[in-house]
Amino acid sequence: MQVRESNAAQVDPHSMGAKDVLEALDNSKLSGFHWKAMITSGMGFFTDAYDLFIIGVALQILTPLWNLTPFEIGLVGSTSLIAAALGSIVFGRMADFIGRKTIYGWTLVILAIGALASAFAPNLIWLLIFRFILGLGIGGDYPLSATLMSEYANRKDRGKLITMVFSMQGLGLIFGPLIAVLLLALNINHDLTWRIMLALGAVPALATFYMRRNIAETPRFSLMMHGDVEAAAQTVQEVTSNDASKKQKKQAVARKQNKKSSLAVLLKGRYLPWIIGTAGTWFLLDIAYYGTTIASPLVLKSLNAHENLITNTLYTLIIFVIAAMPGYIIAAFTIDRLGRKLIQALGFAMMAIAYAVIALVPGMTHLTVPFLIAFSVSYFFTEFGPNVTTFVYPAELFPVEVRSTAHGLAASIGKLGAFAGAAIFPVLLETFQLSGAMAVAAIVSVLGLLLTIFTLPEPSGRSLEEISGEIELLQEQTKETVKEREVVALH
């Protein structure tokens, strides 16, 4: 069949089946609905990144106030990440059983409750409990936002749209240091400062809740899990903003399949190496990324022990502005042309080189400008690399019945890596200094490169059903629909 860029108006409503609806979605042009869905999904990652960075600054204030040990610092920084691992699995699985829309938005409420409660924590134990609640919401947001965006996206722009959802993380990374510098510069009571920092994490989450609750179920879930062509056609009309889809809704045949979501699917054929590849590379990436990011105030303090917290926070802000955010932007506008695999492999390779330079070149850990250049290079290729692609990959490779589950599993394994990185990096900095910590990050990046090369395919330019092998099922459904209509016509 010849692929063409179209909209729903080019589908004959009298002969429409499941495959027709998905072709209309795959070949549609970008619409306002796509951009609205992108922003709605992305605000969760803005909040995630804000909380990711701000806890590092808050810990610099809390350490003398609560006399925290390096172990306790690592525990506070990593608790929300281990909770995110659990949240990813639980909410990812729920989304495949009961639908994306049903639970979409409630993850932000959990996140907001955790952020607000953390600000009122009276001691270390309660702070750990509230950060755990925060992490559950963060973890749940990963599979839901990625799956929803991938299932709404057209074939041509799918990588860009999913990447832009995740790239909202870059804005959070910039907003966090800005808030920190502002609050520190005001010289207000330090016990109040860290509480304000943590409480502000609830604002973007609550601001987006209403938008999420009003988004429609994805056409792919309606079709492949329930055989509901009517609901899918109605949603395609929203996506393409074309009145012809309303006619499709009236003419369509709906078949309630109530398909079950089985984890056993992930252990079959092509899916097993893919789940190993997506989860494994995410795990390795997050060891290095979360370790160096959450510990960035400690990293810069070890580099410039004589500088105050405001100056070192400004250094972090500069790195995020000149390196991290451009990496996100370039990834978004090149991922559909260059492909996911090339970007991920290149990113891991350059991260390894940058970390190795810091670890091995004499004097690098004591020279501010050379260190900041190498550290910035590592951040650029993290964002223009595996930090983006590990999020995109599991949203594309797996069939709809386990897509959210697979993404949740990959994100969960990734967050275990994040937990490990956030927990061990303060200890590595204390024990082996900055060069030793960066050597560990370099080794982890090399492992990520090898796993990318040997386990992952290139999904760019293909429909989700073609990638996952569901295209054969759609062809069978189309034949069944034609037969049903022929029987109806005879009577």
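A few points about this structure:
- Identity of the residue in segment 86-115, under 21 Å from residue 204 (Cα atoms) and of a type in the set (Gly, Ala, Ser), that ends up nearest to the chain's Cα centre (by Cα): 88
- Odd one out for residue 389 among (1) surrounded by 22 or more Cβ atoms within 10 Å (Cβ to Cβ); (2) out of contact with any Lys or Arg (no Cβ under 9 Å at 6 or more places or on another chain): (2)
- When segment 146-171 is filtered for residues that are aromatic (Phe, Trp, Tyr) and over 13 Å from the mean Cα position of the chain (by Cα), only 152 remains.
- Summed over segment 313-333, the residues that are among the hydroxyl-bearing types (Ser, Thr, Tyr) and modelled with pLDDT of 90 or more give a count of 1.
- Total residues in segment 421-472, condition in contact (Cβ under 8 Å) with a residue 24 or more places away in the chain, part of a helix (DSSP H, G or I) and of a type in the set (D, E, K, R): 2
- Residue list for segment 27-53, filter: over 17 Å from the mean Cα position of the chain (by Cα) and buried (at least 24 other Cβ atoms within 10 Å of the Cβ): 28
- Residues in segment 85-103 that are surrounded by 24 or more Cβ atoms within 10 Å (Cβ to Cβ) and either in a loop (DSSP other than H, G, I, E, B) or modelled with pLDDT under 90 (or both): 95, 96, 100.
- Hits in segment 389-420 (condition: among the polar types (S, T, N, Q) and either touching a Phe, Trp or Tyr at 6+ places or on another chain (Cβ under 7 Å) or not in a helix (DSSP H, G or I) (or both)): 390
- Selection of segment 309-351 for residues being crowded, with 17+ Cβ neighbours inside 10 Å and polar (S, T, N, Q) yields 312, 313, 316, 344.
- Look at segment 44-70: where a residue is closer than 21 Å to residue 137 by Cα and a partner is crowded, with 20+ Cβ neighbours inside 10 Å and among the acidic types (Asp, Glu), sitting 6+ places away or on another chain with Cβ atoms under 8 Å, you get 44/141; 45/141; 48/141.
- Considering the conditions (1) under 30 Å from residue 28 (Cα atoms); (2) part of a loop (DSSP other than H, G, I, E, B), residue 122 is excluded by exactly one of them, (1).
The values are calculated or read from the model by the stated rules, or taken from the named source; none is laboratory data. Here the structure is a predicted model, which is why all the values come from computation and not from measurement. Note: ideal-geometry Cβ built from the backbone for every residue, glycine included; neighbour counts use all protein chains shown.
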